[in-house]
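Notes to accompany the following structure.
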Amino acid sequence: MNNLSLKPLCLSLMMAIAPLAAHAETADRSQVPVGSLTEVAAFAGPGPSGIVVTPQGRTFVGFPRHAIDHPGMTLGELVNGKLQPYPSAQVSEPSALTDAQRLISVHGMTLDTSGMLWLIDDGKHAGHDGIAPGAAKVVGIDLNTNKIVHSVVLKDALLQDSHMNDLRVDLTHGAQGTAFVADSSFGDSPAIVVVDIATGKQRRVLSNDPSVVPQKDFVTQLDGVPMRYEGGKSLFPHGGVDSVALAPDSSRLYYSPLTSRHLWSLPTVALANFSLDDKQLAKEIRDEGEKVMTDGMDMDRQGRLYLTDAEHHQILRRWPDGHLDVVLRDPRLVWPDGLFVAGNSVYVTLGQWDRLGKNVDTRKPPYLLIRTSTDGTPNFNAQP
């Protein structure tokens with residue numbers, strides 16, 4: 001074959017390849033899955049929220065009642081593939097116990113550095129106005145005895161529109177530790193709640209600070225639908241300070257409103273100091289820069305912050321220098337909610353909360369608890 005006969009063939013091949021090359025160049029990389037997702041458990045209902053996995057592999061899941069006042073357990077442990085009420089059916093399910101004696105609506109959960117399980121009971125029943133006395137509390141459970149050893153009822157720091165959302169417990173301040181609780185508020189009164197575990201002393205701080213309240217001009221896109229924050233009229237989950245994380249050495253608390261793309265932090269030595277007023281605390285706030293809209297976050301021992309990203313069906317990781325990377329991207333991540341780092345894994349509950357609104361419920365059970373690795377598969381080059 002001579003060169004003249006090759007030219008038409010080459011031209012035909014180039015014309016055939018050109019559309020493929022153009023398609024590759026314009027492909028949306030945000031649609032490409034990243035990482036590996038393992039389904040740990042599937043729940044027919046209600047939707048899960050808080051999640052804790054111990055170093056020994058014990059797995060605890062919270063099922064709050066503030067969205068739907070369900071009759072099942074509000075705290076459960078996965079045992080041999082089955083969900084059991086924890087620490088007992090009498091405490092976790094509706095019973096004759098008083099609101100102060102049993103768990104009403106378990107939301108955020110965490111482990112402290114000694115291995116104790118802590119949870120925030122928001123005390124809220126969907127469809128009921130306000131929060132009954134004794135219902136909202138900070139609870140500590142000894143996992144060796146499976147007994148509640150701390151239960152601090154929220155009184156002075158509680159409002160009737162409070163939405164006690166998540167918590168972290170710092171054992172470096174206070175005789176038995178200090179709890180920092182994010183009250184994202186069902187109304188317009190978000191704040192950080194500080195509780196001295198030993199004394200029960202409690203207070204609300206920074207209730208009007210820009211780092212705690214929703215971002216007024218906030219716009220989001222969920223399930224492909226763009227929406228603007230309009231206070232109580234908003235058609236998507238919204239609120240003030242929501243996600244919280246504690247530095248590995250407990251020196252700083254990282255936090256962010258749900259309706260925000262900004263990350264903030266405070267030294268715990270200042271937060272735990274009940275003598276400091278809001279003006280003094282505000283001077284200690286550090287602006288950590290922009291991030292994504294997050295509902296849950298947690299920090300690993302290396303100081304890397306893991307963030308849920310419902311808008312893009314992702315789990316992101318923020319490194320100590322501030323740069324971000326994608327740990328997991330998967331279309332099944334419909335409103336990733338509770339997030340917990342355990343060893344080399346991240347556990348996330350998928351509550352589909354953006355599909356639940358006033359007179360609207362387009363959620364599709366099952367609701368998943370998933371796991372992904374915090375460390376990617378090593379890549380090696382055997383080429384010379």
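Suppose R0 equals 30 Å; then what is the FRET efficiency for Val360 and His128 from their Cβ-Cβ distance, rounded to the nearest 0.05? Mind showing how you got there, number by number?
Numbers: r = 20 Å, r/R0 = 0.68.
Using R0 = 30 Å, I get an efficiency of 0.90.
Considering the convex hull of the alpha carbon atoms of the stretch 216-369, report its projected area averaged over all viewing directions, in nm², one decimal. Working shown, then result.
Working: hull surface 40.8 nm².
Average projection, Cα convex hull of the stretch 216-369: 10.2 nm².
Quick check for the stretch 130-228: number of Lys pairs with alpha-carbon distance under 22 Å, counting only pairs 8 or more apart or on different chains? Can you show the working numbers first?
Numbers: Lys137/Lys147; Lys137/Lys155; Lys137/Lys201; Lys155/Lys201.
So the count works out to 4.
Could you list the square roots of 5 times each eigenvalue of the Cα gyration tensor of the stretch 254-300, that is, the equivalent ellipsoid semi-axes, sorted largest first and rounded to whole Å?
Values: eigenvalues 99, 27, 16 Å².
Three semi-axes, in Å: 22, 12, 9.
Given only helices, namely DSSP H runs of n ≥ 4 each adding -39500 (n - 2.57), what is the per-residue ellipticity at 222 nm of the chain, to the nearest 500 deg cm²/dmol? Display every interim value, and only then the final one.
On the way: 4 runs with 37 residues, N = 384.
It comes out at -2500 deg cm²/dmol, rounded to the nearest 500.
Which three extents, in whole angstrom, do the alpha-carbon atoms of the stretch 176-240 cover along their principal axes, largest first?
Reported extents, whole Å, longest axis first: 47, 23, 17.
Let me check I have the definition right: for the stretch 22-126, take the eigenvalues of the Cα gyration tensor, multiply each by 5, take square roots. What are those semi-axes in whole Å, largest first? All intermediate terms of the calculation are to be shown ahead of the outcome.
On the way: eigenvalues 228, 59, 35 Å².
For the stretch 22-126, the semi-axes come out at 34, 17, 13 Å.
At a Förster distance of 25 Å, what's the computed FRET efficiency of Asp28 paired with His323, Cβ-Cβ distance as r, to 0.05? Write out the running numbers ahead of the final one.
Values: r = 22 Å, r/R0 = 0.88.
The pair Asp28/His323 has a calculated efficiency of 0.70.
Each label point is 7 Å from the Cα along the Cα-to-Cβ direction; what then is the distance between the points at Lys283 and Asn379, in nm?
A separation of 4.8 nm, rounded to one decimal place.
What's the local net charge at Leu143, with K and R +1, D and E -1, over the other residues with C-beta under 14 Å away?
Working: positive: Arg58, Lys147; negative: Glu77, Asp112, Asp142.
So the environment of Leu143 carries a net charge of -1.
If you build a Gaussian network model of the chain, linking Cα atoms that sit under 10 Å apart, which residue out of Asp249, Asp170, Asp122 swings the most?
Per the Cα network of the chain with a 10 Å cutoff, Asp249 tops the list.
How long is the chain along each principal axis, judged by its Cα atoms, biggest number first, in Å?
Its Cα atoms span 93, 48, 48 Å along the three principal axes.
Against the longest alpha carbon principal axis of the chain, how many degrees, from 0 to 90 and to the nearest 10, is the axis of helix 3-26 turned?
Around 10 degrees separate the two axes.
Between Ser114 and Lys216, with labels modelled 7 Å along Cα→Cβ, what's the label distance in nm to one decimal, could you check?
Those two pseudo-labels are separated by 4.5 nm.
Heavy-atom accessible area per residue, the chain, 1.4 Å probe: how many Å²? Numbers along the way, then the final one.
Working: 18190 Å² over 384 residues.
Normalised by residue count, the accessible surface of the chain is 47 Å².
Testing the spin-label approximation: label points 7 Å from Cα along Cα→Cβ at Lys233 and Ala175. State their distance in nm.
Each label point is offset 7 Å from its Cα along the Cβ direction, giving 5.2 nm.
Give the long-range amide H neighbours of Leu154: residues separated by 5 or more places, or on another chain, with amide H under 5 Å away, using H modelled in the peptide plane at 1.01 Å from N.
Ala136, Lys137, Val138
Between the stretch 171-214 and the stretch 326-367, what's the alpha-carbon centroid distance in Å?
26
Considering the Cα trace of the stretch 68-165, what is its radius of gyration and what is Dmax, both in angstroms?
13.1, 41
Given a cut-off of under 8 Å on Cα pairs at least six residues apart, what relative contact order in percent is computed for the chain?
Details: 921 pairs, mean separation 53.3, N = 384.
About 14 percent, as a whole number.
The values are calculated or read from the model by the stated rules, or taken from the named source; none is laboratory data. Note that the coordinates shown come from a computational prediction; the quantities given were computed from them, not determined experimentally. Cβ sites come from the backbone with ideal geometry, for glycine too, and all protein chains shown count toward neighbours. Protein only, heavy atoms only, side chains kept; ligands, DNA and RNA dropped before computing areas. Shrake-Rupley method; radii C 1.70, N 1.55, O 1.52, S 1.80 Å.
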